[in-house]
Amino acid sequence: MPERRTVALVTLGCARNEVDSEELAGRLAADGWELVEDASDADVAVVNTCGFVEAAKKDSVDALLEANDLKDHGRTQAVVAVGCMAERYGKDLAEALPEADGVLGFDDYADISDRLQTILNGGIHASHTPRDRRKLLPISPADRQDAAVALPGHAQEATPAPADLPEGVAPVSGPRAPLRRRLGTSPVASVKLASGCDRRCSFCAIPSFRGSFISRRPSDVLGETRWLAEQGVKEVMLVSENNTSYGKDLGDIRLLETLLPELADVEGIERIRVSYLQPAEMRPGLIDVLTSTPKVAPYFDLSFQHSAPGVLRAMRRFGDTDSFLELLNTIRSKAPQAGARSNFIVGFPGETEADLAELERFLTGARLDAIGVFGYSDEDGTEAVGYENKLDADVIAERLAHISQLAEELTSQRAEERVGEKLQVLVESVEATEDESRAVGRAAHQAPETDGQVLFTAREGLVLGRMVEAEVVGTEGVDLVAECREFAEVAR
């Protein structure tokens, strides 16, 4: 009998990282590894790190150190870093963090089983030297599809599915469809639509370690969605660094508009959600599909970042307060209940008091359902690092606190506006303890993790993974309190 090998995957960061972890899980399960939830029960703890901003990097380091502590009093024999932070810093991270027994980059994902076995056996796998992954793909998007480059969420080459795959592992179904195994039983799952980004925002390092933009083929996205439906998934969220660019390297920038209705028709899927949209790339046709297609959520995760024209130009972005408000008005004219959220950076180099006031004007008029606010910090390798007119840390902190408080007030007000609305809510948890009995779900305007939730006043008749109609009767901050009005599943 083969020796039992156990592995736990600890995932930090965004939904894209969650998809990558499930790809690694699929590869490992196919090679005989037993996946366990608790790192203390694993021979190898694999930490899928985030390398976006300083706070996320700190969380990743803390998770690696916490996993390393298990080696002193648990089963764990090795701790391995993968993900964006591992890819971004490579051997530099390995040298700075000797507690990690291995630091693996994206090029190692195809051979993840062999890499972990080597490390588990006491061997050393040399960490890669960091490089700009934008240079690995052709400049022309049309020439990228056949490039042999490691892309998490995309298989590197056309490969038949391994024989005798374990139950619950997705087979390779096309030239860029990886193995995948679900980690958890949530009725919601993300599907990677594309990888990388061709935009050159002056504050963002993501393209340098995620690479240039490359779409997955529609047939692979459809195949993975069908497999997820077979696993009991009810809502699929399409993720990438920039979904509005989908299809440009496949010869059709409007490919998302035709793909969405096909995804919505997959049997068993109740909701399709699109995340990560660029305001400057929004098209009338895409707005129409997002606001009128049955089972496609009228949800707009728009990356505004700021609204003062001078700050946006320094960020190498486009737009202004009035054009952004016009975009939101256009969306709501087609779908009054549409959800909208965004993230913003305050304290960007050169940001003036007038710029901050302009951002406040936009936020006050935008009626966003969810708002994320970040204080500017220098990121290695970005253009903004070399900008003059940097603001003092205490000024950034003051502005961050001010805008964060405003955002909290505005999103609470927006939630109150929804009292009386009838919503289609996906039930995501039904719990009964000695102290509490409750059910929680999400409506079309609420994405997992980043947005608010729907709190049901009673749990009777509610089942995990069921789509129900509910009426909003109150609020708790950004969360909505609702009563179930219809227990039958929404008709397809």
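Quick notes on this one:
- Residue count for the stretch 117-139, restricted to those that are out of contact with any Lys or Arg (no Cβ under 8 Å at 6 or more places or on another chain) and not hydroxyl-bearing (Ser, Thr, Tyr): 11
- Among the residues of the stretch 342-376, those that are more than 15 Å from His306 (Cβ to Cβ) and either touching a Ser or Thr at 6+ places or on another chain (Cβ under 8 Å) or at pLDDT below 95 (or both) comprise Asp369, Ala370.
- The set of residues from the stretch 448-468 being modelled with pLDDT of 95 or more and in a loop (DSSP other than H, G, I, E, B) comprises just one member, Gln453.
This table checks each residue for (1) open to solvent by 10 Å² or more (accessible area, probe 1.4 Å); (2) over 30 Å from Val346 (Cβ atoms); (3) touching a strand residue (DSSP E or B) at 6+ places or on another chain (Cβ under 6 Å); (4) at pLDDT 90 or above.
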position: Pro2; (1), (2), (3), (4): yes, yes, no, no
position: Arg5; (1), (2), (3), (4): yes, yes, no, yes
position: Glu18; (1), (2), (3), (4): yes, no, yes, yes
position: Ala25; (1), (2), (3), (4): no, yes, yes, yes
position: Ala39; (1), (2), (3), (4): yes, yes, yes, no
position: Val44; (1), (2), (3), (4): no, yes, yes, yes
position: Thr49; (1), (2), (3), (4): no, no, yes, yes
position: Phe52; (1), (2), (3), (4): yes, no, no, no
position: Asp62; (1), (2), (3), (4): yes, no, no, no
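- Residue count, the stretch 360-369 (criterion: surrounded by 19 or more Cβ atoms within 10 Å (Cβ to Cβ) and in a helix (DSSP H, G or I)): 3
- Any pair with Cβ under 8 angstrom, 6 or more apart, that starts in the stretch 115-143 at a residue that is of a type in the set (A, V, I, L, M) and ends at one that is surrounded by fewer than 15 Cβ atoms within 10 Å (Cβ to Cβ) and at pLDDT below 90: Leu136/Ala147; Leu137/Ala147
- Hits in the stretch 298-339 (condition: within 22 Å of the chain's Cα centre (by Cα), closer than 22 Å to Arg199 by Cα and among the small types (Gly, Ala, Ser)): Ser303
- If the condition is being under 27 Å from Gly372 (Cα atoms) and open to solvent by 50 Å² or more (accessible area, probe 1.4 Å), then the stretch 439-468 contributes Glu449, Thr450, Gln453.
- Look at the stretch 90-101: where a residue is under 14 Å from Ala126 (Cβ atoms) and a partner is open to solvent by 70 Å² or more (accessible area, probe 1.4 Å) and not hydroxyl-bearing (Ser, Thr, Tyr), sitting 6+ places away or on another chain with Cβ atoms under 8 Å, you get Lys91/Ala126.
- Meets criteria (at pLDDT below 90, closer than 26 Å to Val7 by Cα and not in a helix (DSSP H, G or I)) for Pro162: yes
- Flag if Asp198 is surrounded by fewer than 21 Cβ atoms within 10 Å (Cβ to Cβ) and under 18 Å from Cys84 (Cα atoms): yes
- Flag if Asp288 is assigned to a strand (DSSP E or B) and either within 22 Å of the chain's Cα centre (by Cα) or within 30 Å of Glu469 (Cβ to Cβ) (or both): no
Yes or no, residue by residue, for (1) of a type in the set (D, E, K, R); (2) on the phi < 0 side of the Ramachandran plot; (3) out of contact with any His (no Cβ under 7 Å at 6 or more places or on another chain); (4) open to solvent by 30 Å² or more (accessible area, probe 1.4 Å):
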{"site": "Gly211", "(1), (2), (3), (4)": "no, no, yes, no"}
{"site": "Pro218", "(1), (2), (3), (4)": "no, yes, yes, yes"}
{"site": "Glu230", "(1), (2), (3), (4)": "yes, yes, yes, yes"}
{"site": "Met237", "(1), (2), (3), (4)": "no, yes, yes, no"}
{"site": "Tyr246", "(1), (2), (3), (4)": "no, yes, yes, no"}
{"site": "Gly251", "(1), (2), (3), (4)": "no, no, yes, yes"}
{"site": "Arg254", "(1), (2), (3), (4)": "yes, yes, yes, yes"}
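- Lone unmet requirement of (1) hydrophobic (A, V, I, L, M, F, W, C); (2) open to solvent by less than 40 Å² (accessible area, probe 1.4 Å); (3) over 25 Å from Phe203 (Cβ atoms); (4) under 25 Å from the mean Cα position of the chain (by Cα) for Ala148: (2)
- Any hit, the stretch 377-385, residues being over 26 Å from the mean Cα position of the chain (by Cα) and surrounded by fewer than 15 Cβ atoms within 10 Å (Cβ to Cβ): no
- Flag set for Thr330, criterion: modelled with pLDDT of 95 or more and open to solvent by 10 Å² or more (accessible area, probe 1.4 Å).
- Count - residues of the stretch 269-281 that are touching a helix residue (DSSP H, G or I) at 6+ places or on another chain (Cβ under 8 Å) and either open to solvent by 30 Å² or more (accessible area, probe 1.4 Å) or not in a loop (DSSP other than H, G, I, E, B) (or both): 6
- Of all residues in the stretch 64-83, those satisfying the criterion of being of a type in the set (A, V, I, L, M) and either open to solvent by 30 Å² or more (accessible area, probe 1.4 Å) or in contact with a Ser or Thr (Cβ under 8 Å, 6 or more places away or on another chain) (or both) are Leu64, Leu65, Ala67, Leu70, Ala81, Val82.
- Each residue in the stretch 398-419 was checked for being in a helix (DSSP H, G or I) and open to solvent by 20 Å² or more (accessible area, probe 1.4 Å), and 15 of them qualify.
- Against the numbered list (1) closer than 25 Å to Arg200 by Cα; (2) surrounded by fewer than 16 Cβ atoms within 10 Å (Cβ to Cβ); (3) among the aliphatic types (A, V, I, L, M), Ala357 comes up short only at (1).
- Taking the numbered list (1) open to solvent by 40 Å² or more (accessible area, probe 1.4 Å); (2) at pLDDT 90 or above; (3) of a type in the set (Gly, Ala, Ser) in turn, Ala86 passes all entries but (1).
The values are calculated or read from the model by the stated rules, or taken from the named source; none is laboratory data. As the structure is a computational prediction, the values presented were derived from the model and not from experiment. Please note: Cβ atoms are built from the backbone with ideal geometry, for glycine as well, and neighbour counts cover all protein chains shown. With ligands, DNA and RNA removed, areas are computed over all heavy atoms of the protein, side chains included. Shrake-Rupley method; radii C 1.70, N 1.55, O 1.52, S 1.80 Å.
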